[in-house]
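Presented below is the structure to which this report refers.
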Amino acid sequence: MRQRKTVPGSLPPRERELRQIFLREVEVVPGGDRLSRCLQCGTCSGSCPVSYAMDLSPRAVIALFRAGLIEEILHSRSIWICASCYMCTTRCPQQIKITDLLYALKRVAMEKGLYPDRFPVYLISKNFVRLIGRYGRNHELMLVVRFYLKHKPLELVRLLPLGLAMFRRGRLMLLPKRIRGVAAIRRMIEASEALELPREEAPVQYVPGSVGYRAVGALPERAV
Amino acid sequence: MEYLYFPGCSLEGAGRQYDESLRAVFRALGLGLKELEDWNCCGATIYMSVDEATSLAVSARNLAIAGRDGGRDLVAPCSACYTVLLKTNRFLRESPELREKVDRLLGEAGLAYHLDVRVRHPLDVLVNDVGIQTIASAATRRFDGLRLAPYYGCQIVRPERGFDHSEFPEAMDKLFGALGAEPVYFPVKTRCCGGMLMTTFPEVALDLVRELLVCATENGAECILTTCPMCQVNLEAYQDRVNKKFGTSFAIPVLFFTQLLGLALGCEEKALGLQRNLIPLKLRAAA
Ligand code: SF4
Ligand code: SF4
């Protein structure tokens, strides 16, 4: 991990910007404000079936966030390896919505474009959203083929026998179905984008004040 | 009792036999199942990583249609759909701010959110509305001695505290136990199958699938029962890849729980889509 000099009580501008986006994303998650109650017990990491493949465990993600190192988190692959199985969330003794927080971090990374080139999860998400806007439903074949074409074309050759086996059994829909309400869905998506205007002030009530860098930057201290 | 039905995108493709067998089982039990009109994709686990308000609105469109059509119970068999719809419902109930925002978006589609729609998983409906006793007495066939691994996957019991225990659920164990089958010791019954990781990080997902297969076979299971189209594909279609990667020789059938249940209720194999499974189930002579 890169070492950075930070004066307690202040945050580099970049960190402040990312933090604001994150707090905005997390604000709408019911129970998202419990983040500050993390005990660093590690139950989440120990329960996670994929933490062995993460460079930062779920517990470490929370620790880094509180230490003001959001960018380190966004550069890790941990948030993308999370399979959203909710085991950590179920077991956390402080009822922290870890899975939802990881979703919020993914949204920050997407918004700021902080992920490697031709990054698998980003590609798939983008295609998925495009499919929904176009047909109203997902189409497995199109989603997967497009993804592999861009990401690792050779994989398609390897998957061909499986695709054929599924096709022979009628389990591969060749063409997508378009629902009647697709225009309405597109209107909803557009209207939603219009609503997403950046806000003037960051919501302050979720800033953890009890650990590490207190009274982060311009943000006031959190009442305990 | 009549239920509204949200099949979800997977049940039109790779999970087609789940759709067929679910309809067959409901028919056999005399339950109404009416497909939701012009339903759209729930957003799955992916949309949530892109934009929250939009993903909630897209998913809420289904709840709004269900409410408009007077439905109270919306049956969602795919674990991902079930969780997403349930979560949308809870978020909108708990957060007036979100509800207002989403309602405004739904207005663009000429719809409005209804508070009283309930999202249900078919396993919950079968075990809790119909009841295990009723099902057992309607059964025309038993599976005495069939050793099976009931796999619930991660999402139907989490994160929303729902109809069963979030780590050691027993609904399927009890249901099939009442039909004579023997659920094996299967402590990984709610461990993750890898989900979308099979496409994005296959090395990780193959590890997870292997662990599940090892646990099922070493404890003597003859087949695995699933409740989710994603789990079914990962566990069944990728057995070959697991075998190649780890030098194993797994060939264990992976069925949707409704397929086996349909057999018990006397449905035709074809109506249950059994011919669509890649690894066929070979049952010993029926008792
Ligand atoms: S389980 Fe909860 S309290 Fe424990 S380290 Fe993880 S987030 Fe913190
Ligand atoms: S939800 Fe994600 S971080 Fe939590 S246990 Fe599952 S895979 Fe790990």
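The values are calculated or read from the model by the stated rules, or taken from the named source; none is laboratory data. Keep in mind that this is a model prediction, so the values were computed, not measured. Cβ atoms come from the backbone with ideal geometry, glycine included; neighbour counts cover every protein chain shown. What goes into the accessible areas is simple: the full protein's heavy atoms, side chains included, and nothing from ligands, DNA or RNA. Shrake-Rupley method; radii C 1.70, N 1.55, O 1.52, S 1.80 Å.
For segment A:81-93, what are the residues that are more than 10 Å from chain B (Cβ to nearest Cβ) and crowded, with 19+ Cβ neighbours inside 10 Å?
Within segment A:81-93, just A:Cys92 meets the criteria.
Could you list, in sequence order, all residues of segment A:32-49 that are within 14 Å of chain B (Cβ to nearest Cβ) and open to solvent by 30 Å² or more (accessible area, probe 1.4 Å)?
Answer for segment A:32-49, where residues must be within 14 Å of chain B (Cβ to nearest Cβ) and open to solvent by 30 Å² or more (accessible area, probe 1.4 Å): A:Asp33, A:Arg34, A:Thr43, A:Gly46.
For segment A:16-31: of the residues being open to solvent by 20 Å² or more (accessible area, probe 1.4 Å) and among the basic types (Lys, Arg), which is modelled with the highest pLDDT?
If we take residues in segment A:16-31 being open to solvent by 20 Å² or more (accessible area, probe 1.4 Å) and among the basic types (Lys, Arg), then A:Arg16 is modelled with the highest pLDDT.
Per-residue answers, yes or no, for (1) within 16 Å of ligand 2 (Cβ to nearest atom); (2) open to solvent by less than 40 Å² (accessible area, probe 1.4 Å); (3) basic (Lys, Arg); (4) not in a loop (DSSP other than H, G, I, E, B):
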position: A:Ala63; (1), (2), (3), (4): yes, yes, no, yes
position: A:Gly68; (1), (2), (3), (4): no, yes, no, no
position: A:Glu72; (1), (2), (3), (4): no, yes, no, yes
position: A:Ile79; (1), (2), (3), (4): yes, yes, no, yes
position: A:Gln95; (1), (2), (3), (4): yes, no, no, no
position: A:Leu102; (1), (2), (3), (4): yes, yes, no, yes
position: A:Asn127; (1), (2), (3), (4): no, yes, no, yes
position: A:Ile132; (1), (2), (3), (4): no, yes, no, yes
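Restricted to segment A:50-61, and to residues that are away from every other protein chain (no Cβ under 11 Å) and among the hydrophobic types (A, V, I, L, M, F, W, C), which residue is nearest to ligand 2 (Cβ to nearest atom)?
Top of the filtered list is A:Val61.
Pick from B:Cys215, B:Cys223: which is open to solvent by 10 Å² or more (accessible area, probe 1.4 Å) and either hydrophobic (A, V, I, L, M, F, W, C) or away from chain A (no Cβ under 11 Å) (or both)?
B:Cys215
Only residues that are in contact (Cβ under 8 Å) with a residue 40 or more places away in the chain, at negative phi and either at the interface with chain A (Cβ under 8 Å from one of its Cβ atoms) or more than 14 Å from ligand 2 (Cβ to nearest atom) (or both): list them for segment B:182-197, please.
The answer is B:Lys189, B:Met196.
If you scan segment A:62-80, which residues turn out to be among the aliphatic types (A, V, I, L, M) and within 14 Å of another protein chain (Cβ to nearest Cβ)?
A:Leu74, A:Ile79
If I ask for residues that are touching a Cys at 6+ places or on another chain (Cβ under 7 Å) and more than 16 Å from ligand 2 (Cβ to nearest atom), which ones from segment B:138-171 would you list?
Those that are touching a Cys at 6+ places or on another chain (Cβ under 7 Å) and more than 16 Å from ligand 2 (Cβ to nearest atom): B:Leu148, B:Tyr151.
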